[in-house]
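Heads up, the thing below is written out as structure tokens.
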Amino acid sequence: MLAEFASRNINLTRIESRPTRKMLGDYLFFIDFTGHLEQPQIKEIITGLKQKTSHLKILGSYSRLSAGLEQEDLEEGRTHEINQFA
């Protein structure tokens, strides 16, 4: 499964595993990575993962803040410079 990300040079920011408690050696994996579901290479990864897993659930796809957003803007709740897609 990790080859789907590696072959497209997608950065994994977190990977976590939990036993399913159904069967010995059966695990759930939670993976965070850079990218957005609207990007073609991310769509390819999701398609590849669906073919290799028995269950795939996407918990979310979130935009990244632009570099121009200052800390004081964040503290005051101003988010006018948030990119829709990172």
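The values are calculated or read from the model by the stated rules, or taken from the named source; none is laboratory data. These figures come from a predicted structure and were not determined experimentally. Positions of Cβ are generated from backbone atoms using ideal geometry, with glycine treated the same way; all protein chains shown enter the neighbour counts.
From the list ILE45, ILE10, pick out the single residue that is assigned to a helix (DSSP H, G or I), within 18 Å of SER61 (Cα to Cα) and within 14 Å of the chain's Cα centre (by Cα).
It is ILE45.
If the Cβ limit is 8 Å and pairs must be 6+ apart or interchain, which residue in segment 34-63 that is acidic (Asp, Glu) pairs with which residue that is assigned to a loop (DSSP other than H, G, I, E, B)?
Note: pairs meeting the criteria are GLU38/SER61; GLU38/PHE85; GLU44/ARG8.
Would segment 61-83 turn up any residue that is of a type in the set (Ser, Thr, Tyr), modelled with pLDDT under 80 and in contact with a Phe, Trp or Tyr (Cβ under 8 Å, 6 or more places away or on another chain)?
Yes: segment 61-83 contains one or more residues that are of a type in the set (Ser, Thr, Tyr), modelled with pLDDT under 80 and in contact with a Phe, Trp or Tyr (Cβ under 8 Å, 6 or more places away or on another chain).
Conditions: (1) assigned to a strand (DSSP E or B); (2) at pLDDT below 90. ILE15 meets all but one. Number of the miss?
It is condition (2) that ILE15 fails.
Limited to segment 13-42, what total is found for residues that are of a type in the set (A, V, I, L, M, F, W, C) and over 11 Å from the mean Cα position of the chain (by Cα)?
Residues that pass the stated criteria total 4.
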